[in-house]
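Note sheet for the following structure.
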Amino acid sequence: MKLVGYIKEKKENSFRIPVYANAKGAFFFHTVDERYNITDFVAATYPEKNFQKIYLSRKFETGNKGAIVFIGSEGYLHYNEAPSAIEEIIHYLNDHSTIANINVLLDEAMLLKNRIFSDHFVVDNFVVKMDPTDDHIILSFDFPSPKKNSITEKETTNGNPEIPQKRREQTVPLEQESDPAFNNAIKQLNAVDMNFELKLKLRAEERRSKLKTFNYQFKLNQNTAKRKNSAE
């Protein structure tokens, strides 16, 4: 399904009913659950004069977030997949405080936002999306770059004992393994009843992160060695 229009109303500054179409050109409305995930598409019936055509190439399927369409003042129109659209709409409302019933509109927008993101939560460096009705979990990883754990300074001389040169030697351990926040996140995720496929994906992402950290450390050590040799 693709978003192809919305149902027009006379008033400005309001959310509109999105209209979708399949590959054959048949029109549909969506039904959504409490988290604004599409549960079904139902045949759309409405007077033709009430239909306003727009187009969004993004595909919408059951289980995914539905579309949001908002009409503002002076021809403002914003539409997109719900997680992207709602943020922009809230920014618009905050920037137009003179709109009539602005507090009511902001309340409606914030309630929608809470619904849309109610199946997302953050566990330290993980962003987790869970659906309690099944075993499907989506994880995205955002591990920080390795940081300097220790810096030791040694003074060397270059033929003149009165002019010391400082050389820094850096060591970068795989700090994720010793990071309490990381370990706590792993413990919480391990407590989730995950299927076998998900566990394999999680381990693969963990190995990939450790490999990136190792490569970073290896290159850093190489550069340190080169600087040491050039100084000598």
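The values are calculated or read from the model by the stated rules, or taken from the named source; none is laboratory data. Treat the numbers as computed from the prediction; the structure is a model and nothing was measured. For neighbour counting, all protein chains shown are included, and Cβ atoms are generated from backbone atoms with ideal geometry for every residue, glycine included. The protein model used for the area step is the full one, side chains on, heavy atoms only, and it has no ligands, DNA or RNA in it. Shrake-Rupley method; radii C 1.70, N 1.55, O 1.52, S 1.80 Å.
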Proximal charge balance of PHE60 [Cβ under 13 Å; K/R count +1, D/E count -1]
+1
Residues other than SER73 with Cβ under 12 Å of its Cβ, Lys/Arg counted +1 and Asp/Glu -1, net out at -2
Please report the accessible area of GLU87 (heavy atoms, 1.4 Å probe, ligands and nucleic acids excluded) in Å², nearest 10.
60
Portion, in percent, of the accessible area of segment 29-75 that falls on carbon or sulfur, probe 1.4 Å
46
Excluding ALA21 itself, what net charge comes from residues whose Cβ is under 14 Å from its Cβ, given Lys and Arg +1 and Asp and Glu -1?
+4
Evaluate the distance, in nm, between pseudo-label points positioned 7 Å from the Cα of ASN114 and of ASN94 along their respective Cα→Cβ axes.
1.8
Restricting things to alpha carbons, find the Rg to Rh ratio for segment 75-114 using the Kirkwood radius for Rh.
0.94
Rounded to whole Å², per residue accessible area for segment 1-82 with a 1.4 Å probe reads 56
Suppose every K and R has +1 on its Cβ and every D and E has -1 on its Cβ; what is the size of the dipole of segment 1-97 about the Cα centre, in Debye to the nearest 20?
420
Roll a 1.4 Å probe over the protein heavy atoms and report the accessible area of LYS2 in Å², nearest 10.
70
